[in-house]
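Down below is the structure, laid out as C-alpha cells.
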Amino acid sequence: MKKIFVLGVIFVFCYLYFFHAYFVDRSRNQYDQKEYPNLSVENSKFHKKLTVIDLHADQLLWNRDLYQKVNYGHFDWHRAKEGGIDIQILSSVTRVPFGVNYHSNSSDTDMIGVLAFLQHWPVKTWFSEYERANYMLDKLHNYSKSHKIVFIQNPKDLETLPSQDQIGVIFSVEGAHAFEGSIEKFQQLYNKGLRMVGLTHFFDNDVGGSAHGVKKNGLTPFGKKLLSLMEEKGVIIDLAHSSDKVFSEVFQLAKRPFVVSHGGVKGTCNSPRNLSDSQLMMIKKNKGMIGIGFWDEAVCGIGVKYIVDAIEYVVRIIGDDYVGLGSDFDGTVHTPFDSRGVKQITQELLNRGYTVESIRKIMGENALRILKQGLKPRILSASS
C-alpha cells in the first residue's frame, strides 16, 4: 500500500510538472471558430491594405514558440499574418491571485508563480514578478532575432511599417507591481524595450487601485512618480483594470494620450471592468483610445457581432477616433476566433455600412496615432 501511495505521488508530481501547464493553456485559451469563410476578393484586398493593430495579447505567458503554428491558443506568427495583424502589443502577466474574479481580489496568492514552476521557467521567476517580466521580455528579444518580428521601441520604428512577412511587436507589462516598488527596475525594463505599462491588474498594488481590488483606491505617491517618469520616457499608460479613482486621477495628470488596451463599455455590457460613458468622455478629451476586447465578459457575448456592437457604441458616444482592437488573445479567455479571424471584424464593419475612413481608424490607424505620439526616442542622460 505504501509503495502504491509513493507511486501515486510520483505520478501526480510528474503530471503537474510535465503536462499540467500544457493542458491549462489548451483549456483556458479557447475559441469557437475553427474554419474561416473567405472574404470576397474586393474585401480581402481592402483588409490587406489596412494597418491592423491589436493592443493586447498574452502569448508570452505560455510555453509556445511564436513561430510554430498550432491548433490551440489564440496567437502565433502564422495565424496573425493570416488574420492580417501588422502590429501586436504583447503583454507580460506577472501575478494573478487564485480565485480571480472581477469584483474583489487581494494579492495574497500567486497563480503565476505556480505556472512559472510548471512551465520550467528559471527558478528566479518562481518568486519574483520583476523576473517574470524580464524573462518574457527576453523571450521577445529572442523572437526578434528573426526577420519576421520587428521590435518597436520608438517612433522611428514606425516610419516603415512591417512588411508582408513581418509583424511589429511592442512589449507591455500588465500591472506595475512587476517593478516591485522600484523605479530602478522600471528603468531596467525600459532600457530593454518596455514601452507600455498597465498600471494595475486584478488587485491593488503599490502604484494604485484596481477595478477588481479590495480598496480600489487612487494613485499612490509612488504611482504619481512613476506616471511622470513614464510620460517623460515615452512609455504609454494603459488604464485597463484600473479603479475609477486611478482612471480619474490619471486623466487629470496625464499630458499625453493614454489607452485602455482591452475591455468593453457598460453601454453594451455592464461589467465591473467596463467603461462608463463619463470615462469614454475622458478618453476623448485626453485624445486616447479603448481597445475593445473579444471575450464574453468584455462584450457580453461570443461573436463578432458583440465586438462590433461595442465598437459601434463607442463611435456613437465619442466618435470613431478613439476606439480600436484589444483582443486579450491568450489571456485565459474564450473568444469567437483566434488571430486568423480578425479580418471578420473588417467584414462586419463593412456589412454595417461603415466608411472606408472609419474602418481604417478602427482597425489600426487610431492605435498608430497614439503609438507615434506616445513613444519617443530614448534620450541618454546622466540619470538614464
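Across the stretch 86-125 the C-alpha pair distances fall into 10 Å bins from zero in the proportions 25, 42, 26, 6 percent. With the gyration tensor restricted to C-alpha atoms of the stretch 155-256, the semi-axes of the equivalent ellipsoid amount to 26, 14, 13 Å, longest first.
Report for the chain the percent antiparallel among DSSP-assigned beta bridges with both residues inside it, nearest 5.
Working: 1 of 32 bridges.
Bridges in the chain that DSSP calls antiparallel: roughly 5 percent.
Toward the positive end of the charge dipole of the stretch 320-382, with +1 on the Cβ of Lys and Arg and -1 on the Cβ of Asp and Glu, the farthest Cα among G326, I345, Q373 is that of Q373.
For the pair the stretch 239-300 and the stretch 166-228, the centres of their Cα atoms are 16 angstrom apart. Given the stretch 301-384 reduced to its alpha-carbon atoms as identical point scatterers, what log10 I(q)/I(0) does the Debye formula return at q = 0.19 Å⁻¹? Cα-only, vacuum Debye calculation for the stretch 301-384: -0.88.
Calculate the all-directions average of the projected area of the stretch 252-302's alpha-carbon convex hull, and give it in nm². Could you put the intermediate results ahead of the total?
Numbers: hull surface 13.7 nm².
Mean projected area of the Cα convex hull: 3.4 nm².
Within the shell of other residues whose beta carbon sits under 11 angstrom from the beta carbon of K34, the net charge comes to -2, with Lys and Arg scored +1 and Asp and Glu -1. Here the mean projected area of the convex hull built on the C-alpha positions of the stretch 38-91 is 4.1 nm². A convex hull fitted to the Cα coordinates of the chain yields 141 cubic angstrom per residue. For the residue pairs K245/K376; K48/K284; K245/K287; K185/K305; K49/K287; K49/K145, the alpha carbons lie more than 31 Å apart in K185/K305.
Sorted ascending by nearby beta carbons within 10 Å, beginning with the fewest, E131, E159, E297 become E159, E297, E131. Globularity index of the stretch 243-384 is 1.08 (Cα radius of gyration / 2.2 N^0.38 Å, N = number of residues).
Net charge dipole, the chain: roughly 500 debye, given to the nearest 20, about the Cα centre with Cβ charges of +1 for Lys and Arg and -1 for Asp and Glu. Sorted ascending by nearby beta carbons within 10 Å, beginning with the fewest, R195, R369 become R369, R195.
Every number here is computed from the coordinates shown, using simple stated rules; none is lab data. Values in this document were obtained by computation on a predicted structure and should not be read as measured data. Neighbour counts run over all protein chains shown; Cβ positions are idealised from the backbone, glycine included.
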